[in-house]
Amino acid sequence: KMTQQMRDLQLAQARKPPGPSSPNAAKRLYRNLSGKFRVNYTSFDEGSLVGRGEKEKLRKSYLFQSNAALFEAVELQDLDRVQELLKHYSPEELDLNTPNSEGLLPLDIAIMTNNAPIARALLQAGAKESPHFVSLESRSLHLSTLVREAEQRVNELMAQVVNEAPNADCSEKEKQLKAWEWRFRLYKRMKAGFEHARVPDAPSSVHLSVASSSSLQVTFWEPLSVNSAVVTKYKVEWSCSPTFLPLLGEAVIDKLKDLHFTIQGLLSGTVYHVRVSAYNMKGWGPPQASTPPFAIPSNWREYDGRAPRRRGQAEALDHLLGQVKTVHQHCICHEPCKNQPQSRKHSVSKSLKHLFHPGSKFLKTLKRGLYLTAIFYKDDNILVTHEDQIPVVEIDDTYSCLLMQDFLWFTKVSCMWDEILWLRQCVTVSQSSCSCILQTRFKMLLAISQMQGLLGIQDLGQVFFEPIKDKQGNILIVTLKEVKTNQTFESVRWVPICKLQTSRKSVSSPEEPTALDTLLISIQDKLAYHQRSSHALSPGLYLGYLKLCSAVDQIRVLVPERLPNILCHVKIRSNPNISREEWEWLQKMASVEEPVPTEPEADTSQNPLFQELQVAIKELMALVNISLQEAKDFRLYSQEVLDFGDQVSFLLLLPPSDDVCTAPGQNNPYTPRSGFLTLPLQIFELGEER
């Protein structure tokens, strides 16, 4: 018998004895486990255990109980308990895919009792069906055998209970009888569930899209019918022929957390047809053809053979920097004392040594000038000096008006924190005769070196997008960095931010706060900005809104406060690729010289990208508080798709050409009122690169 063979196999492998055999036994087991779900095995008192062997034995005992509890929870259709076990134990710890002594897996019991919620929970955890059921006949035979043997055991126990006089043995046999009666009913319910089940319907929908020039993405949804058994896997098939003869390939998807699949290794420009079918314990159901019925792997760059904008740029910059370093290795700037008089040599050496002398400390108060502060934070704590001050060093005590060019240069230096010593050496050679701009920038490099030396940290983080100024003539450049690990430092320590804000006594009036007071008051906003500016977009195609405004010395770009490293945007779809056919349609629409339509037209209503763009445009205009009537003259940027890596791409929506960039003093009709920032364009570019 197949059942007997399975039992012999299980006993030979000594996998596990059967779990509790009745509802009462299951409940007792649940009560015993109720306080043990969150056990930390490393927290046991080592002295109470004989050794590691006994500790491991105890751990295995808990895991065995959890495995038995899982089988009982599935049999009792206790969804909450199943979810709790799956949450606190890994599939390996639960032996999720190891058959019990009856040759059954938890998923087998769930699908044959037609308990869809439990079956889905098990499937998402990685559960499989028993490999012993190689055919419908073998499953039917196995269930019939289980039912027959359970019925036989019930009859035997019933006869013994009826014929024997009341005693202790009889009481034990009555318990066994109740347990086998319960198991007999379970097996009959499983057998009936299997007999009444039918193959699944076709998936309710199959969507096909072009993922790249060599791949297609297939997304599908469960069958709508609720009368068939639970679907446990899907099959994706593809072919160049609408009849699927010959079949080019197929893939079986049994991990059902996300119902999508990417077909890789296809030929660009070739037509592919795709269909998907569902499977349950009764077999494969009919296939569902995709919508659209076929797709052609391609990418928008194939339209005119354009190479990626950033291809080789990082390598070229690294090569250029290497060349510059090679030239400067033989430059006089790396031999500052070689041809100078002894007195000059001593003066420069002394001044540089004084900079890093232990007497050189952080500043407590600001005088009129330019300063640098570095904010390091972890959770709700911030690094401060031993005097409970935010670390501040002086850049220039004679600098009272920070030019935007100097600040933007400083932000570029922040991309090379590890190269500060080399940069400083390269500008010291002509310090005495250089311009005021170079002198200021040299002092910036010295201040950075001083901050790095005092903190013992090279990477000072990201520069806040605007310096803090006060009416006393102080200007404060702020850098921000989140510390992920627990670190200790010699000259600074961690304190809660709230404690720092309440304990520090202000030395200025509320009407005219100093730059340091302003920093302390607004520090939470700056930390929130820094955290939001490091968030990444999920993969997909986005529609961005480009709006600029110019000032005398800079151009600023509109960004959302919630994600300041990205343009104002909404997500069009999860697939970031624009196919050649979609790009051709966009080019055709751009050549018509008409505004972007917001209502469907007869020849475009069946175009998926058109429909997606309609929804995205309306959502984006609502986000930036611009009415569709005001946006009637807006246009899509049709020169290129902006690719940010392989997983994120952007289409740009532009105001009329005269309003893309607002001049100083000009009325700005297309800028929202709240929830947005305007960043200097160079700051935005650096943030986007990060």
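The values are calculated or read from the model by the stated rules, or taken from the named source; none is laboratory data. Not measured: the values here are computed from a predicted model. Virtual Cβ from ideal backbone geometry, glycine too; neighbours counted across all protein chains shown. Side chains included, ligands, DNA and RNA excluded: accessible areas come from the protein's heavy atoms. Shrake-Rupley method; radii C 1.70, N 1.55, O 1.52, S 1.80 Å.
Has the range 385-401 got at least one residue that is touching a residue at least 40 places away in the same chain (Cβ under 8 Å), in contact with a helix residue (DSSP H, G or I) (Cβ under 8 Å, 6 or more places away or on another chain), farther than 20 Å from Gln452 by Cα and in the same structural domain as Leu476 (by the TED database)?
Yes: one or more hits.
For Trp284, are the conditions met, namely being outside the structural domain of Ser140 (by the TED database) and open to solvent by 60 Å² or more (accessible area, probe 1.4 Å)?
Answer is yes for this residue.
Six or more apart or on different chains, Cβ under 8 Å: which pairs go from a residue in the range 313-325 that's surrounded by 11 or more Cβ atoms within 10 Å (Cβ to Cβ) to one that's part of a helix (DSSP H, G or I)? Could you list them?
Qualifying pairs under 8 Å: Lys325/Trp422.
Which of the numbered conditions does Leu141 fail, given that it passes all the others? Conditions: (1) touching a Lys or Arg at 6+ places or on another chain (Cβ under 9 Å); (2) open to solvent by less than 80 Å² (accessible area, probe 1.4 Å).
The one condition Leu141 does not meet is (2).
With respect to the numbered conditions (1) surrounded by 15 or more Cβ atoms within 10 Å (Cβ to Cβ); (2) over 26 Å from Asp95 (Cα atoms), which one is the sole condition not fulfilled by Thr113?
So Thr113 meets the others, but not (2).
Go through the range 440-462 residue by residue and tally those that are open to solvent by 60 Å² or more (accessible area, probe 1.4 Å) and either small (Gly, Ala, Ser) or modelled with pLDDT under 85 (or both).
1
Would a scan of the range 247-259 turn up a residue that is assigned to a helix (DSSP H, G or I) and acidic (Asp, Glu)?
No; the residues of the range 247-259 include none that is assigned to a helix (DSSP H, G or I) and acidic (Asp, Glu).
Looking at the range 481-499, can you tell me whether even one residue there is open to solvent by less than 10 Å² (accessible area, probe 1.4 Å), touching a residue at least 12 places away in the same chain (Cβ under 8 Å) and in a helix (DSSP H, G or I)?
yes
Of all the residues that make up the range 291-331, how many are assigned to a loop (DSSP other than H, G, I, E, B), modelled with pLDDT of 85 or more, farther than 18 Å from Leu642 by Cβ and of a type outside the set (Val, Ile, Thr)?
2
Could you check, for the range 500-514, whether at least one of its residues is modelled with pLDDT of 90 or more and either closer than 18 Å to Asp388 by Cβ or loosely packed, with under 15 Cβ neighbours inside 10 Å (or both)?
no
Before we move on, is Glu195 of a type in the set (D, E, K, R), over 30 Å from Ser574 (Cβ atoms) and exposed (fewer than 13 other Cβ atoms within 10 Å of the Cβ)?
Here the answer is yes, as Glu195 does meet what is asked.
Hey, Phe184 hits all of (1) open to solvent by 20 Å² or more (accessible area, probe 1.4 Å); (2) of a type in the set (Phe, Trp, Tyr); (3) under 30 Å from Glu222 (Cβ atoms) but one; which does it fall short on?
(3)
Pairs, please: C-beta under 6 Å, at least 6 apart or cross-chain, first residue of a type in the set (Ser, Thr, Tyr) and in the range 525-539, second assigned to a loop (DSSP other than H, G, I, E, B)?
From residues that are of a type in the set (Ser, Thr, Tyr), the pairs are Ser533/Pro564; Ser533/Asn565.
Among the residues of the range 198-225, write down those that are among the β-branched types (Val, Ile, Thr) and either closer than 21 Å to Pro292 by Cβ or free of Cβ contacts under 8 Å to residues at least 12 places away in the same chain (or both).
Those that are among the β-branched types (Val, Ile, Thr) and either closer than 21 Å to Pro292 by Cβ or free of Cβ contacts under 8 Å to residues at least 12 places away in the same chain (or both): Val206, Val210, Val218, Thr219.
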